[in-house]
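Asker: Have a look at this one.
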Amino acid sequence: MSVESLNRQRTLHLLEAFARGDLEAALACCTDDVDFLTHAPIDVLPHMGPRHGKAELRELWQTVWSRYSEIRYKAPHIVADGDEVATYLHSYFTKRSNGRIVQFDMAVFFSFRGGLVAQIREIIDSYDLVQQVLEREIGPLIVGAGVDEQ
């Protein structure tokens, strides 16, 4: 089996472990110094800030799971090249507070070292994600519509 096939399977294994809430199995797929970065507005989603190491990544993932009761992914595209894997995911997170499903697409890039994930980079449509998380249209807030001018 090629390194690309192995890393593709390793990526799917990590995603499946995370989606079923088995954070320790997901973390076992990572190096001790795993580096995580997502491009999301941390003023609205502060838990999504940069993380380094398994302890910080565990804390992030625990926060996510404290807010969502179910997480599902569809992975229509996975491309592996050596120790690099790129995924395009359709993500579905069910809110614990009201059962609403937050649905968004994301690109996630994994870098492997010694068969383990050493780096995770996520790119999310954060505009759409923030609207769903806040459950309101944010366009007017951005352009200042409806805000009294002084």
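Asker: What's the number of the condition Gly49 fails, among (1) within 18 Å of Glu16 (Cα to Cα); (2) free of Cβ contacts under 8 Å to residues at least 24 places away in the same chain; (3) within 13 Å of the chain's Cα centre (by Cα)?
Answerer: The one condition Gly49 does not meet is (1).
Asker: Next up: When you go through Asp148, Asp125 one by one, which is the residue that is surrounded by fewer than 16 Cβ atoms within 10 Å (Cβ to Cβ), closer than 20 Å to Leu60 by Cβ, among the charged types (D, E, K, R) and modelled with pLDDT under 95?
Answerer: After ruling out the rest, the residue left standing is Asp125.
Asker: Within the range 73-101, how many residues turn out to be among the charged types (D, E, K, R) and farther than 22 Å from Leu6 by Cα?
Answerer: The qualifying residues number 3.
Asker: Which residues, taken from the range 75-94, are among the aromatic types (Phe, Trp, Tyr) and touching a residue at least 24 places away in the same chain (Cβ under 8 Å)?
Answerer: Selection gives Phe93 alone.
Asker: Go through Ser69, Ser91 for me and flag whichever is among the small types (Gly, Ala, Ser) and more than 11 Å from the chain's Cα centre (by Cα).
Answerer: Ser69
The values are calculated or read from the model by the stated rules, or taken from the named source; none is laboratory data. If you're wondering where the values come from, they're calculated on a predicted model, not measured in any experiment. All Cβ positions, even for glycine, are placed from backbone atoms using ideal geometry, and neighbour counts span all protein chains on display.
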